[in-house]
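Participant: Got a structure for you, questions after.
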Amino acid sequence: MLKIAIGDWILARSESFKEILSNVRDHKLNTKNSFGRVRDKHRDYESKMREHDARIRELEGIIDSMNAMEEIVPIKVRKAKKKAKKKR
């Protein structure tokens with residue numbers, strides 16, 4: 001028991017051990033931040049996809065309602081009458 005306690009005390013006093021612990025802490029924070037950024041971007045993409053999906057469904061509904069119309073009124077195009085030339 002005493003050997004382990006002395007070994008831990010020596011290890012805790014070691015500068016290289018402190019540096020390793022600092023690097024591990026920094027690595028954990030960087031990893032957490034990186035995954036947080038990825039998660040935020042993923043949420044943004046999902047919300048944009050939902051918006052696009054809703055818009056597409058809305059447009060499909062409009063097209064379906066236009067196709068469901070029983071009577072389509074044709075558009076009549078009338079040609080303009082030619083004006084007669086006046087004689088002087």
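The values are calculated or read from the model by the stated rules, or taken from the named source; none is laboratory data. These numbers come from a predicted model, not from an experiment. FYI the Cβ positions are ideal-geometry reconstructions off the backbone, even for glycines, and counts take in every protein chain you see.
Participant: If we scan segment 29-47, do we find a residue that is outside any helix (DSSP H, G or I), surrounded by 10 or more Cβ atoms within 10 Å (Cβ to Cβ) and not aromatic (F, W, Y)?
Facilitator: Scanning segment 29-47 turns up no residue that is outside any helix (DSSP H, G or I), surrounded by 10 or more Cβ atoms within 10 Å (Cβ to Cβ) and not aromatic (F, W, Y).
Participant: Oh, and also: List the residue pairs whose Cβ atoms are under 6 Å apart, where the first residue sits in segment 1-28 and is at pLDDT 75 or above, the second is of a type outside the set (F, W, Y) and in a helix (DSSP H, G or I), and the two are 6 or more positions apart or on different chains.
Facilitator: Listed pairs, sorted by first residue: F17/L11.
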